[in-house]
Amino acid sequence: MPQNEYIERATKLHGRRLDTEERARKKTAREGHKQSENAQNLRGLRAKLYAKERHSQKIQLRKTIKQHEERNVKGAAEAKEPGNPVPAYLLDRANPTTAKALSSQIKNKRAEKAARFSVPIPKVKGISEEELFKVVKTGAKVHKKGWKRVVTKPTFVGPDFTRRPVKYERFIRPMGLRYKKANVTHPTLNVTVQLPILGVKKNPNNPLYTQLGVLSKGTIIEVNVSDLGIVTASGKIAWGRYAQVTNNPEVCFSHLISPPLFTKHRSSLGKTNTNPTQNDGCLNAVLLV
């Protein structure tokens, strides 16, 4: 036996540890953490080389996954005029050809997943923090501290909500900007019903806006649909369903918000054009079914 194969020799003589497979499995599981650590901490040329290596590895991984998703599908060959005479009993036979195609089951799953998360308004205009928050100056005498913020958009807070003490309340949600009900339209029944709001599921602009319950255009809210009589597959009455806000509901509180209800533009001829803004004074939503 060669001199450098002492590990193999020890394995043959004494065997392996009882937890060898478990240690190997854990080592493999830690590789992802090690790769992530290297990707975050490497600098300079080593980082470039490592990024290039990981890029090629990911490409190879995607190719492998795609090969696993593909399967052999047999299809009939294209009809061609036979060069040699064919017996009558072979005329109805088609020579099967093998082709690569994505599994129809995988395609259906992807389509169902995409349809489940499809919403009436897929893209909305972002709301900056400067537009949403107004700085409140605090302090005993000089009012120099500026860590508090007032939310200038409509919000939803639960019925059991209690404000924090003044010293610890960073975000202030005014009482006049709180909504409890929404005008929800059922797309199939073509009816609009005023339903109580149960909560804010997701605000597409920022996770902080979701936490504060900000109601802007495109926000996904949960409403109580027990009055509509919607029944689940098991026969029980549905309680909560998701809906998407389809309008800007902050206009009826125009005294709290900087943009006015009507904007006047003077033309060169001296005429005054009064155009209402695109905001509404109520909260409209479409039920996601």
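Please give the contour-minus-distance gain from Ala88 to Ser226: 0.36 nm per residue of separation, less the Cα-Cα distance, rounded to one decimal in nm.
On the way: separation 138, 0.36 × 138 = 49.68 nm, distance 6.81 nm.
Extra length available between Ala88 and Ser226 comes to 42.9 nm.
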Which ³J(HN,Hα) values, rounded to whole Hz and listed in residue order, are derived for the range 160-171 from phi using the Karplus coefficients 6.51, -1.76 and 1.60 in 6.51 cos²θ - 1.76 cosθ + 1.60 with θ = phi - 60°, glycine and proline given as x? 9, 6, 10, 5, 6, x, 4, 5, 10, 8, 8, 10
With a Förster radius of 35 Å, plug the Cβ-Cβ distance of Ser36 and Val193 into 1/(1 + (r/R0)^6) and report the FRET value to the nearest 0.05. 0.10
Out of residues 5 or more away from Arg241 or on other chains, whose amide H comes under 5 Å of its own, with H placed 1.01 Å from N in the peptide plane? Val223, Val225
Explain nothing, just the number: relative contact order of the range 153-257, from Cα pairs under 8 Å at least 6 residues apart, as a whole percent. 25
Mind giving me the FRET efficiency for Leu288 and Met175? R0 is 22 Å, r the Cβ-Cβ distance, nearest 0.05 is fine. 0.15
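May I ask you to give the solvent-accessible area per residue for the range 167-221, in square angstrom, as obtained with a 1.4 angstrom probe? Numbers along the way, then the final one.
On the way: 2970 Å² over 55 residues.
Normalised by residue count, the accessible surface of the range 167-221 is 54 Å².
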With r defined as the distance between the Cβ atoms of Leu61 and Lys236 and R0 fixed at 45 Å, what FRET efficiency is calculated, to the nearest 0.05? 0.55
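Quick one: net charge of Ser128's neighbours, Cβ under 14 Å, K/R +1, D/E -1?
Working: positive: Lys125, Lys134, Arg149, Lys153; negative: Glu129, Glu130, Glu131.
Once all neighbours under 14 Å are counted, the net charge is +1.
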Give me the extension gain from Glu21 to Val135: residue separation times 0.36 nm, minus the current Cα-Cα distance, reported in nm with one decimal. 35.1 nm
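Where the accessible area of the range 155-221 is counted over protein heavy atoms with a 1.4 Å probe, how much of it, in %, is carbon and sulfur?
Working: 2160 of 3960 Å².
Taking all protein chains in place, the range 155-221 shows 55 percent carbon and sulfur surface.
The values are calculated or read from the model by the stated rules, or taken from the named source; none is laboratory data. Worth saying up front: this structure is predicted, and the values here are computed from it rather than measured. Neighbour counts run over all protein chains shown; Cβ positions are idealised from the backbone, glycine included. For the accessible areas, the whole protein counts, side chains as well, though only heavy atoms, and no ligand, DNA or RNA atoms are used. Shrake-Rupley method; radii C 1.70, N 1.55, O 1.52, S 1.80 Å.
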